[in-house]
1. How are the C-alpha pair distances of the stretch 64-168 spread across 10 Å bins, as whole percents from the shortest bin up?
2. Kirkwood-based Rg over Rh for the stretch 134-245 (C-alpha set), two decimals?
3. For the chain, find the longest principal axis of its Cα atoms and tell me its angle to the long axis of helix 71-85, 0 to 90°, nearest 10.
4. Suppose all protein chains stay in the model; what accessible area per residue would a 1.4 Å probe give for the chain, in Å²?
5. Considering only V293, V195, V319, give the residue with the highest GNM mean-square fluctuation for the chain, with springs between Cα atoms whenever their separation is below 10 Å.
6. So how strong a dipole does the stretch 172-244 carry about its Cα centre when Lys and Arg Cβ are +1 and Asp and Glu Cβ are -1, to the nearest 20 debye?
7. Enter the angle in degrees (range 0 to 90, nearest 10) between the Cα long axis of helix 6-15 and the first principal axis of the Cα atoms of the chain, meaning the one along which they spread out most.
8. Can you give the Kirkwood hydrodynamic radius of the chain from its Cα pairs, in Å with one decimal?
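The values are calculated or read from the model by the stated rules, or taken from the named source; none is laboratory data. These figures come from a predicted structure and were not determined experimentally. When we count neighbours, we look across all protein chains shown, and the Cβ atoms used for this are built from the backbone with ideal geometry, even at glycine. Quick note on the areas: whole protein, heavy atoms, side chains included, nothing else; ligands and nucleic acids left out. Shrake-Rupley method; radii C 1.70, N 1.55, O 1.52, S 1.80 Å.
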Amino acid sequence: MKPVSLIQFLIEERRAGHINAELSLLIEVVARACKRISVATNKGALGGVLGMAAGEGDAASINIQGEAQKKLDVISNEILLEANAWGGHLAACASEEMEDPQQIPDMYPKGNHLLLFDPLDGSSNIDVNISVGTIFSVLRCPDHVTEPKVEHFLQPGTEQVAAGYVVYGPATVLVLTFGHGTHEFTLDREVGSFVLSRRGIRIPEETAEFAINMSNQRHWEAPMQRYVGELLAGTEGPRGKDFNMRWVASMVADVHRIITRGGVFFYPLDAKIQAKGGKLRLMYEANPMAFIVEQAGGAATTGRARILELQPTALHQRVPVFLGSRKEVETATHYHVEADGARA
Ligand code: FDP
C-alpha cells in the first residue's frame, strides 16, 4: 500500500466533512513547528540548548507554574508561537509557558480557532535523553470575539475540535484526533514528512500494566491506596493476576505506550498537591489526552468525573488524571466515588 502523508490525510478528512480548510492549515502548521522542535531536541548537547534558561534558580528562569524552565521549553514555545502567528487560522493561543493568552499581531489576519499547548512536556527528562513531547488542544473561538480573553478559552473538553501530541523519542510520532478516531503518524526524517502509521487506534479494554509515581503513595487518598494495593497484591490478591509497572515521568511517553499496547496512567490527588487541585493541567494536558484516549476506546476521569465534561475555571487549572484501558479507569474511579458516597 502507498504511504499516506499527513497532508493527504488532512485532505481526506476535509472531503469527509470532518474538518474545514482553516483547521487543516492549523494542523499542518503545528506539525511543521513540531518538526522543528524535533530537530532541536535531537541535537542534544550539540545544540547548546540543554540546561536552564537563565542562571539556574534565577527568577527569570522560573515559569508561571513555579517550575524551572529549561532552554528547550522556551525555544519550543517560541517555535510554536512564531509558526502560528501569521497563517490567519488562529484567533489567539495559550501556552503552559505564558500566564495570559497570546494575541495575534495586528499586522496578520485572524482566524476562528483557539490553540492551547504544552510546548515541551516532561521537560525534566530532556537532560537525561529520555522522550519528551508537545501536547495541543484546539477549540473554536466564540462568535464575534475579536480579542479572545481567558474566559473564551474556558470551554469543556467536549468542545475540542482537535487534539494531538508529538512524542520526540527514538522516532518522532504525531498522534491526532478530530473526534473521528485516533490516528498515528511517524516522521520520515529523510523525506521530512509525517506518514500515517496507524489508523483508528484501539486501546485494549483490559490491561495488566499501570503507570503511577509510587513515591507519592503515602500521600494518596484511601481509595487510591486500596486500588493500587490490590494491583500490587498480584495473583494472591483480589484481582487474581500480576500487574507490571512503568513510569517514564513524561506524560506524552507514558500515554503513547498506553495508546500502543494498552495500560493505565494515574496522576491522582495527594496530600502534597491537594491545594493546587492536582499535578497535570486541564486545558493543555488532561483535555487533549482525554480526547485522544476516548477516541481510541479508552476512558479518562479525574477519579470522580469524566475529564472532558469538566467546566474549566482557570487557564492553568490542574486536575487529577486517570486514563487508559477502560476497565481499569472504571474500577479506580468506582473506588473513589464509592468512598465519597460512604463519607457523605
Ligand atoms: P514535567 O513536570 O517534567 O513537565 O507535565 C508534568 C509532568 O512532567 C508530566 O509530563 C509527567 O507525567 C509528570 O509531570 C511527572 O511527574 P513526577 O515528577 O511526579 O514523576
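1. 14, 46, 31, 9, 1
2. Using Cα coordinates only, the ratio equals 1.10.
3. Here the helix axis deviates by roughly 50 degrees.
4. 43
5. For the chain, modelled as a Gaussian network with Cα springs under 10 Å, the answer is V195.
6. Magnitude of the dipole: close to 100 debye.
7. Between the helix axis and the principal axis of the chain, the angle is about 90 degrees.
8. The Cα-based Kirkwood calculation yields 20.6 Å.
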